[in-house]
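Engineer: Can you read through this structure? Questions will come right after.
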Amino acid sequence: MKAPNSSTGSAARSVLIHGSCVTRDAFALPGESGFQLVDYYARSSLASAFADHGLQGVETSTIPSPFQRRMVDRDLGKHFWRDLADVQADVIVVDLVDERYGLLVDDRSGVGTPSAELLRADGISPDLHRVVPGSIDFLMAWEAGRRRFMAEARAAGLADRIVVHQARWAERCADGTQFDYQASADANHLLEYMYGRLRQDLAPNQFVRVPAHLVVGDPDHRWGRSPVHYVEEYYRTFLDLLDRATASPRR
């Protein structure tokens, strides 16, 4: 396995994301050259990513976007788990924003993340059990996924390359409008609980948290207005913090 790049010079550090657009969008900013994004696993709860198998009978060919189809296929096929031992990236950034989707579970204990993209696939049975984020069933499944993730990362020698992006839902937009306060509060309560669980396995300097005054929605964001589509300064600050956290070996 390639050793992490610890240079503080011009060489870009390679990054793999298991998370969402709150992290991915930072690496698409103009002028960003300190990091090279090499892979991106999206729309996949840790509970689904590290489940034994995916939902049965789902036909993803009906998803028109190749990127979205691949994203769903990787979630259902548990690719992140199966690929983890071969990861070569210097940094593995994890964010938990897509835990908001909860889970779908079939009668064989197959698991999938019910993103809008998955729900466009054929073969999604109305009999699938929907597990609501924050419910006892969800937290038990997520905890099992967290434990398996950390065990596999340690076994692969990757645990010290993990950085958790402690993203949160914004309560307001830069134009002064407000998002649904209760929805943001509920989402952030769950996120803080899950970040706390990850702290059991990782060092304090493996967590990156952008200051609260920058957690602001961008009304002109390329993906539209949302509590998790931030102003540009948020992403720039995240990259600065990530650079500091990964500029030299942490252990």
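Engineer: Residue by residue through the stretch 104-163, note down the ones that are among the charged types (D, E, K, R), open to solvent by 80 Å² or more (accessible area, probe 1.4 Å) and part of a helix (DSSP H, G or I).
Structural biologist: 120, 137, 147, 154
Engineer: Could you identify the single residue in 98, 186 that is surrounded by 21 or more Cβ atoms within 10 Å (Cβ to Cβ) and out of contact with any Asp or Glu (no Cβ under 7 Å at 6 or more places or on another chain)?
Structural biologist: Details: 186 fails: surrounded by 21 or more Cβ atoms within 10 Å (Cβ to Cβ).
Going through 98, 186 in turn, just one is surrounded by 21 or more Cβ atoms within 10 Å (Cβ to Cβ) and out of contact with any Asp or Glu (no Cβ under 7 Å at 6 or more places or on another chain): 98.
Engineer: Just for the stretch 200-209: of the residues that are under 16 Å from the mean Cα position of the chain (by Cα) and outside any strand (DSSP E or B), which one is surrounded by the fewest Cβ atoms within 10 Å (Cβ to Cβ)?
Structural biologist: Looking at residues that are under 16 Å from the mean Cα position of the chain (by Cα) and outside any strand (DSSP E or B), I get 209.
Engineer: Sticking with this structure for a sec: Tell me, yes or no, whether the stretch 218-231 has at least one residue that is assigned to a helix (DSSP H, G or I) and either surrounded by 13 or more Cβ atoms within 10 Å (Cβ to Cβ) or β-branched (Val, Ile, Thr) (or both). Can you show your working first?
Structural biologist: Narrowing the stretch 218-231 to residues assigned to a helix (DSSP H, G or I): none.
No - not one qualifying residue is present in the stretch 218-231.
Engineer: Is there any pair linking a residue in the stretch 176-193 that is in contact (Cβ under 8 Å) with a residue 24 or more places away in the chain to one that is open to solvent by 30 Å² or more (accessible area, probe 1.4 Å), with Cβ under 7 Å and at least six apart or on different chains, and which?
Structural biologist: 179/171; 179/172; 184/169; 184/171; 187/100; 187/169; 190/133; 190/134
Engineer: Assess whether residue 244 counts as being among the charged types (D, E, K, R), over 17 Å from residue 161 (Cα atoms) and outside any loop (DSSP other than H, G, I, E, B).
Structural biologist: no
Engineer: Right, next: Could you give every pair whose Cβ atoms fall below 9 Å, whose first residue belongs to the stretch 55-68 and is under 24 Å from residue 130 (Cβ atoms), and whose second residue is open to solvent by 70 Å² or more (accessible area, probe 1.4 Å) and in a loop (DSSP other than H, G, I, E, B), counting only separations of at least 6 or pairs across chains?
Structural biologist: 55/108; 56/107; 56/108
Engineer: When you go through 88, 56 one by one, which is the residue that is more than 22 Å from residue 197 (Cβ to Cβ), touching a Gly at 6+ places or on another chain (Cβ under 6 Å), surrounded by fewer than 21 Cβ atoms within 10 Å (Cβ to Cβ) and polar (S, T, N, Q)? If you could, list the steps in order and put the result at the bottom.
Structural biologist: On the way: 88 fails: touching a Gly at 6+ places or on another chain (Cβ under 6 Å).
The conditions single out 56.
Engineer: Using beta carbons and a limit of 9 Å, which pairs, at least six apart or on different chains, have the first residue in the stretch 203-228 and over 27 Å from residue 246 (Cα atoms) and of a type in the set (Phe, Trp, Tyr) and the second one in a loop (DSSP other than H, G, I, E, B) and open to solvent by less than 50 Å² (accessible area, probe 1.4 Å)?
Structural biologist: 223/229
The values are calculated or read from the model by the stated rules, or taken from the named source; none is laboratory data. This structure is a prediction, so every number in the text was calculated from the model and none was measured. Heads up, the Cβs are rebuilt from the backbone with ideal geometry, glycines too, and the neighbour counts pull from every protein chain shown. With ligands, DNA and RNA removed, areas are computed over all heavy atoms of the protein, side chains included. Shrake-Rupley method; radii C 1.70, N 1.55, O 1.52, S 1.80 Å.
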